[in-house]
């Protein structure tokens, strides 16, 4: 289990007082990607239309440009508003293979201060079963601390 203490501190310090969502997304993606070797793709998808996600800031190889809420792990997280942990992406019905090397994935819904969903944080790993409940808890806490603050406008 990765230790999120230091990276969480850096992320909250970097984003303190910042109200630009894109700037915070870029900083979070960068910090998480640099911190954990088993994070092979880290990024955000933003809700840009009803039931549609579009790529936001990310670190890694190319990501899918658009994802409907009814497709893939990102769509499932957006549709249900709950974190999705997938140990084997090949066994996930409707998985969207943006990269053939991805083996496992965690996707965290991102909510603004008003409680409205405005995106998802997507982390892919080239290792199978790379994520657990502790990862979900830490990533959810980071997103809530940064994007749930008053003044954040998606």
Does residue 20 meet the test of being without any contact (Cβ under 8 Å) to a residue 12 or more places away in the chain and over 23 Å from residue 152 (Cβ atoms)? no
In the range 131-152, how many residues are more than 15 Å from residue 120 (Cα to Cα) and surrounded by fewer than 17 Cβ atoms within 10 Å (Cβ to Cβ)? 5
Please go through the range 19-30 and give me each residue that is more than 26 Å from residue 100 (Cβ to Cβ), touching a helix residue (DSSP H, G or I) at 6+ places or on another chain (Cβ under 9 Å) and either buried (at least 16 other Cβ atoms within 10 Å of the Cβ) or modelled with pLDDT under 95 (or both), ordered by number. 21, 24, 27
Of residues in the range 103-139 being part of a helix (DSSP H, G or I) and in contact with a helix residue (DSSP H, G or I) (Cβ under 9 Å, 6 or more places away or on another chain), the one nearest to residue 72 (Cα to Cα): 139
Filter the range 113-142 down to the residues that are under 20 Å from residue 68 (Cα atoms) and without any contact (Cβ under 8 Å) to a residue 60 or more places away in the chain and list them by number. 116
For residue 145: the one exception among (1) in a helix (DSSP H, G or I); (2) over 20 Å from residue 48 (Cβ atoms); (3) without any contact (Cβ under 8 Å) to a residue 60 or more places away in the chain; (4) over 12 Å from the mean Cα position of the chain (by Cα): (3)
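The values are calculated or read from the model by the stated rules, or taken from the named source; none is laboratory data. For clarity, every value in this text was computed on a predicted model and none was experimentally measured. Quick reminder, even Gly has a Cβ in these numbers, built from the backbone with ideal geometry, and neighbours come from all protein chains shown.
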